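The values are calculated or read from the model by the stated rules, or taken from the named source; none is laboratory data. Just so we're clear, the structure is a prediction, and the values are computed from it rather than from any experiment. No Cβ is skipped: glycine too gets one built from the backbone with ideal geometry, and neighbour counts run over all protein chains shown. What goes into the accessible areas is simple: the full protein's heavy atoms, side chains included, and nothing from ligands, DNA or RNA. Shrake-Rupley method; radii C 1.70, N 1.55, O 1.52, S 1.80 Å.
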Amino acid sequence: MLSIPFDNSYARLPKGMFARQNPVPVSTPDMIAFNDDLAAELGITGTDDPKLALYFAGSRVPEGAEPLAQLYSGHQFGSFNPNLGDGRAVLLGEVIDQNGQRRDIQLKGSGQTPFSRRGDGRAWLGPVLREYIVSEAMFALGVPTTRALAATRTGDPVFRETALPGAVLTRVAASHIRVGTFQAFYARNDIDNLSALFDHARDRHYPQARDASDFLQSVIEAQAALVAHWMSLGFIHGVMNTDNCAISGETIDYGPCAFLDGFDAGKVFSSIDHRGRYAYVAQADIIVWNMAQLASALVPLMPNAEAAVEQFTAQIHAMPALIRANWLGRFGAKLGLAAPAPDDADLITDLLTLMQNCGADFTNTFRGLTQDDIPTELRAMEGYADWHAAWQERLQDEQDAPQRMDATNPVLIPRNHRIEEMISAATNGDDTLFHRLHRALKSPFAADPEFADLTQPPAPEEEVEATFCGT
Ligand code: AMP
Ligand code: MG
């Protein structure tokens with residue numbers, strides 16, 4: 001029988017921070033994918049249980065779970081909404097994993113909660129499979145991220161523009177505490193719950209932090225590293241609202257996310273991001289804005305508000321340099337440099353400019369540099385030969401550059417047109433593309449001839465212009 005070693009702590013926090021809510025049962029739970037490795041890491045046993053799908057579709061509550069929906073707020077595209085919260089998800093509970101880390105287990109798409117507002121509380125198959133594939137690919141790429149434990153069909157239709165198959169994703173996270181969770185209690189001037197949340201989040205993620213300023217600094221450092229890591233892989237999150245920004249520093253809430261094919265710094269995929277607020281290159285600015293929102297919410301936790309504002313402002317103002325340093329380290333390594341200096345930034349931006357001007361494929365360009373197998377359109381660019389000579393000269397004193405490059409420049413990323421193709425097939429009941437994509441992306445730095453087709457950029461007619469919110 002399925003056994004999950006729950007050790008719940010959020011359920012012990014003050015009542016105003018969440019609502020107890022069971023997942024809503026579904027018609028015919030059917031398991032699409034179950035992550036055995038992750039289950040083992042979490043200490044979950046009995047996964048051969050014939051009723052496994054029922055638990056992960058929300059039709060049965062596992063022993064020891066204390067399902068709840070968390071309250072949070074958030075700035076959505078810059079406007080503050082105090083009343084968000086888990087409107088289509090429930091936290092089943094937490095486990096202490098094999099490494100001693102506390103992890104949340106959440107069902108997403110599990111039905112209505114007190115925070116659903118006008119929503120149906122459900123998810124359709126497409127975004128569930130997208131999140132499964134992309135979050136697991138991010139993990140394999142070495143990026144801090146929430147994980148996917150299971151994906152289950154519900155057997156019930158979900159009505160969007162048309163009727164679509166419903167599904168539930170089981171998500172595992174270091175926690176689901178967001179910038180917006182702090183904002184919720186700050187906006188309500190509920191200092192007791194703000195303090196309770198702070199103590200909980202600090203003990204869980206940054207136990208060395210002595211006060212709110214230290215805590216803020218830890219989150220700033222984690223987010224600066226995360227966003228630079230995203231950018232080094234051509235990843236666009238798509239909805240960096242403050243409610244989609246995790247305190248832990250994990251990537252969370254994969255909605256209209258996508259990886260760049262051809263390099264374009266201004267690229268936007270989200271169909272609702274009309275002004276490019278969350279464009280590829282804007283991510284480095286918007287994360288600073290998000291951290292400023294967290295800083296505001298932490299002010300009441302400091303003994304002197306005026307001194308806190310001054311201190312926090314200095315911390316926020318120092319963040320762009322931190323992002324820049326992370327960016328330099330990541331992109332420097334992609335060019336083979338062990339310890340890139342600020343002077344090396346030009347080498348990186350010159351290459352990116354050439355790539356931008358011909359739309360060279362981001363992933364294949366960087367990977368191709370070690371094999372001298374770069375896209376022909378880039379090779380044909382005026383200035384490329386000079387750039388290449390300057391790069392070669394800079395590499396003279398570097399040891400192990402090819403190894404460093406092969407460990408930081410993936411062969412495989414989850415390309416958007418492949419994800420769309422996989423979702424179409426799965427919507428018609430065929431999960432083979434899902435399983436193939438998932439298997440390929442387990443080793444994104446290995447050049448496996450079996451998956452050579454997945455390294456190809458989209459043909460013009462295959463290009464996906466927009467991705468849509470998971471709703
Ligand atoms: P997201 O855009 O997924 O980050 O969600 C933003 C907010 O909308 C969160 O409070 C979600 O819980 C809520 N939400 C999104 N989709 C639904 C849905 N289908 N039913 C209820 N609430 C939803
Ligand atoms: Mg969200």
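In region 279-321, which residues are among the hydroxyl-bearing types (S, T, Y) and either within 18 Å of G249 (Cβ to Cβ) or touching a Phe, Trp or Tyr at 6+ places or on another chain (Cβ under 8 Å) (or both)? Give the steps one after another, and end with the answer.
First, pick out the residues of region 279-321 that are among the hydroxyl-bearing types (S, T, Y): 280, 296, 313.
Passing the criteria: only S296.
For the structure I just gave you, tell me whether T146 is hydroxyl-bearing (S, T, Y), at pLDDT 95 or above and either surrounded by fewer than 21 Cβ atoms within 10 Å (Cβ to Cβ) or in contact with an Asp or Glu (Cβ under 9 Å, 6 or more places away or on another chain) (or both). Spell out how you get there, then give the answer.
Working: hydroxyl-bearing (S, T, Y): yes; at pLDDT 95 or above: yes; either surrounded by fewer than 21 Cβ atoms within 10 Å (Cβ to Cβ) or in contact with an Asp or Glu (Cβ under 9 Å, 6 or more places away or on another chain) (or both): yes.
For T146, the condition - hydroxyl-bearing (S, T, Y), at pLDDT 95 or above and either surrounded by fewer than 21 Cβ atoms within 10 Å (Cβ to Cβ) or in contact with an Asp or Glu (Cβ under 9 Å, 6 or more places away or on another chain) (or both) - is met.
Among the listed residues A314, A308, A297, identify the single one that is open to solvent by 30 Å² or more (accessible area, probe 1.4 Å) and on the phi < 0 side of the Ramachandran plot.
None of the other options fit; the residue is A314.
When only residues in region 459-468 that are open to solvent by less than 50 Å² (accessible area, probe 1.4 Å) and assigned to a loop (DSSP other than H, G, I, E, B) count, which is modelled with the lowest pLDDT? It would help to see each step written out before you state the result.
Going through region 459-468, the residues open to solvent by less than 50 Å² (accessible area, probe 1.4 Å) turn out to be 459, 464, 466-467.
Within this subset, residues satisfying the condition of being assigned to a loop (DSSP other than H, G, I, E, B) are 459, 464, 466.
Details: A459: 91, V464: 81, A466: 76.
Taking the candidates together, the pick is A466.
Only one of L337, L347 is in a loop (DSSP other than H, G, I, E, B) and either farther than 27 Å from E463 by Cβ or open to solvent by 10 Å² or more (accessible area, probe 1.4 Å) (or both). Can you tell me which? Break it down into steps so the answer makes sense when it comes.
Values: L347 fails: in a loop (DSSP other than H, G, I, E, B).
From the options L337, L347, the qualifying one is L337.
Name every residue in region 133-190 that is among the basic types (K, R) and over 27 Å from F80 (Cβ atoms), in order of residue number. If you could, list the steps in order and put the result at the bottom.
At the first step, the residues of region 133-190 found to be among the basic types (K, R) are 147, 153, 160, 171, 178, 188.
Of everything in region 133-190, those that are among the basic types (K, R) and over 27 Å from F80 (Cβ atoms) turn out to be R147, R153.
Which one of A151, A196, A137, A209 is without any contact (Cβ under 8 Å) to a residue 60 or more places away in the chain, more than 16 Å from ligand 1 (Cβ to nearest atom), open to solvent by less than 50 Å² (accessible area, probe 1.4 Å) and of a type in the set (G, A, S)? Outline the logic, then answer.
Numbers: A151 fails: without any contact (Cβ under 8 Å) to a residue 60 or more places away in the chain; A196 fails: without any contact (Cβ under 8 Å) to a residue 60 or more places away in the chain; A137 fails: without any contact (Cβ under 8 Å) to a residue 60 or more places away in the chain.
Within the list A151, A196, A137, A209, the selection yields A209.
Among the residues of region 421-442, write down those that are open to solvent by 60 Å² or more (accessible area, probe 1.4 Å) and within 19 Å of the chain's Cα centre (by Cα).
The one that is open to solvent by 60 Å² or more (accessible area, probe 1.4 Å) and within 19 Å of the chain's Cα centre (by Cα): K442.
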